[in-house]
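Following: one structure in structure tokens, then a few remarks.
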Amino acid sequence: MYLVFVDGMAVRCRVTPDEAPAWRRLSPLPLDRLAPLPALADHLDRPDVVRRLADADAARTPPDQVLAEVRSLGVAAVYDPATATAVHVNALNAVLARHSGSLAITLGVNALALLPLYIAGTPQQRDRAGAVLRAGGSAAMLLTELEHGSNLARIATRAVPDGDGWRLAGEKDLINGGRRHELLVVLARVDSGADLGMFLAERDGSVDALPAWRTLPTAAADISGVRLEGTVAQPIGAPGDGAGVLRLTLALSRGGIGSLASGAASGALAQAVAYARERDVYGEPIVHLGAIAEHLFRAAALDVLVAAAAVKATFLINTLGPAAAHATAVAKYACCLLAEEAVAEGRAVLGSRALVEEFGYAARVRDVLLYGVFDGTSHILLDQLQWRLERFAAGPGRGEDGYRTLAEAYATGPQPLVHVARLRVRPFAPNPAVRAATLAAAGARPAVGALATLLRHLLDLVGRARRSGRWATDQAWRFAAAGVLAEVEALLAAVELVDPHGRVTAGLPGRAGEVDEAALGYALGWRGAVLAARVDDLAADLAADDPPGPGPARTDDLIAAFAGERAPARAALRRWLTAPAGDRSRPGPSAGAPDGSAERPAEPARRPGPAPDGPEERPGTAPVRAVPADRSAAGASR
């Protein structure tokens, strides 16, 4: 079951396999195996809990009663260093954000704050953190200072030696849990030097809570400041290793932000669909209006794209640790951007009601805006992505596609986060053009082949920009190209998790749900064409720098290949939206059928790969462990 607001009333709706949240549907591992998540999800669906979360937002006070209830259901085990896994943390992020952004970040900050302990903390520090969590406490990460913003190299907070220990002095601001959380993980300048250190402290009389900020999103969360006046602290790792520990922390945490965005997108879609099915203005539910249906098609497509990128990043973290940094950067940037669009599509469905607090959607409009600035703004992520894009363009254009490693990741059960956070293996970033070519060769889907060609065009443009000098001098052009890369990566992740041949290539059994297949078709047809147009715009902008001669190839043929996906996808999604409640789990023929009428094709033969009892270890990958049982997308929704 799930709960949504329709005309200000909480309505309980039955979940069919294709209407469970997208993170849950696409996860290779069924959510039911991730205790205590099923109990937490069921509790948050209760009407009284939904009301109390909304009341907390309205009052701008933390939802203490709900926090106490989820703690009684065992939420501390998700973050406790003795039991935490990336799969549990990120799956819970998606569950929480679907219900309440305030609750999601109030709990989710525990994972961010404790990552330095997973990475470099001593056993004694980790044990102490676990004891605080099990006693009902929480952790906060103290990074930013109001004067210096995202430039952490300029922070003024200092850690000064004091006998055998250290003391902290300075102010941190815009801190999640700044007034309330007991464990404080603090980035500080080591003495008066240039080195940074990460330090563990606990709230005591030397810690002053500064006033809370009235933020637009997550109104019930405690976003405030902290003044440290000689606070006793212990270094996490060596005192001068703070910058390195922080870099590894963000490489892991950004995948979790993608999962928060996924929960936000799924919650928005569920509420918009329920509203459209119930709202009757012109003699029948508005879901039958073409314009309303189109908004819902787009929201469904975006929901799948966001979830696919978030799930992929999660399972790569689970086996590769910080070596999954490219996937987590993609998830952080693309998931947040696309989730904002998904919420906007739902807002168009609800109209003015989306802006009225009592109808429940206004909080979604506000809360989704936060994720794009959590753990680094979009510009910081684009800078990281453009660095990787330049290397893709400078590479040979051939090489390993990475699908053996991805298959191993999807076949691996939850691993201790304290183990994977300390892995140091070669960064996993196979060339996306090579990966797209593998996917195109595995099936006969013109739109997937068009993605491969689009990526080759993009890499060719980057090469031209490097040769002309434009790449070195035009940050805006670099960032625009990097944004295209991130969104294409999200499409590739969805192909790998949803397309029948893509699932085989990624080592996944079974078929995805029919609605997910239709949503993927719509996403390829819509976003593929949008991205092709953006590549054309990049090419036109670059043309003035090129010497006389033939200009770069245009993407007209690619747009036509993408457009072929949209008609069958629309037909399948429309059947799902308008079908009687008992028929929604199977909305009709697969969206991949050219005329929308053929039966679903037989499942493709599984790609040869590691034996079910576990793949062998090899250089550049982490040891993995296979998990037996039904791990299909359909199984994940049960």
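Could you work out the relative contact order of the chain, using alpha carbon pairs under 8 angstrom and six or more residues apart, expressed as a whole percent?
Computed over the chain, the figure is 16 percent.
Hey, can you grab everything whose amide H is under 5 Å from the amide H of residue 175? Only 5+ residues off in sequence or another chain; H modelled, so Pro and N-termini drop out.
Result for residue 175 returns 224, 225.
Suppose every K and R has +1 on its Cβ and every D and E has -1 on its Cβ; what is the size of the dipole of the chain about the Cα centre, in Debye to the nearest 20?
Rounded to the nearest 20 debye, it is 780 debye.
Leaving out ligands, DNA and RNA, and with a 1.4 Å probe, what % of the accessible surface on the chain is carbon or sulfur?
Here carbon and sulfur together make up 54 percent of the probe-accessible area.
By Kyte-Doolittle mean hydropathy of at least 1.6 and Cα axial length of at least 27 Å, which whole DSSP H helices of the chain are selected?
Counting only whole DSSP H runs, the qualifying helices are 101-120.
Using r as the Cβ-Cβ distance of residue 135 and residue 426, and R0 as 51 Å, what FRET efficiency do you calculate, to the nearest 0.05?
After rounding, the FRET efficiency stands at 0.80.
Take peptides 108-114, 22-28 and line them up by average Cβ neighbours within 10 Å, highest first, as a rough protection proxy.
The most tightly packed comes first, giving 22-28, 108-114.
Can you order the peptides 270-280, 156-166 by their average number of other Cβ atoms within 10 Å per residue, highest first?
270-280, 156-166
Helix-only mean residue ellipticity at 222 nm, the chain, DSSP H runs n ≥ 4 weighted -39,500 (n - 2.57), per residue, nearest 500. What is it?
-17000 deg cm²/dmol
Could I have the simple spin-label model distance between residue 556 and residue 404, label points 7 Å from Cα toward Cβ, reported in nm to one decimal?
About 4.3 nm separates the two model spin labels.
Set the Förster radius R0 to 60 Å, insert the Cβ-Cβ distance between residue 473 and residue 82 as r into 1/(1 + (r/R0)^6), and round the FRET efficiency to 0.05.
With R0 = 60 Å, the Cβ-Cβ based efficiency is 0.75.
Would you mind putting 333-346, 208-221 in packing order, based on average other-beta-carbon counts within 10 Å, highest first?
333-346, 208-221
The values are calculated or read from the model by the stated rules, or taken from the named source; none is laboratory data. Model, not experiment: these values are computed from the prediction. Backbone-built Cβ (ideal geometry, glycine too); neighbour counts: all protein chains shown. Accessible surface areas use protein heavy atoms only, side chains included; no ligands, DNA or RNA. Shrake-Rupley method; radii C 1.70, N 1.55, O 1.52, S 1.80 Å.
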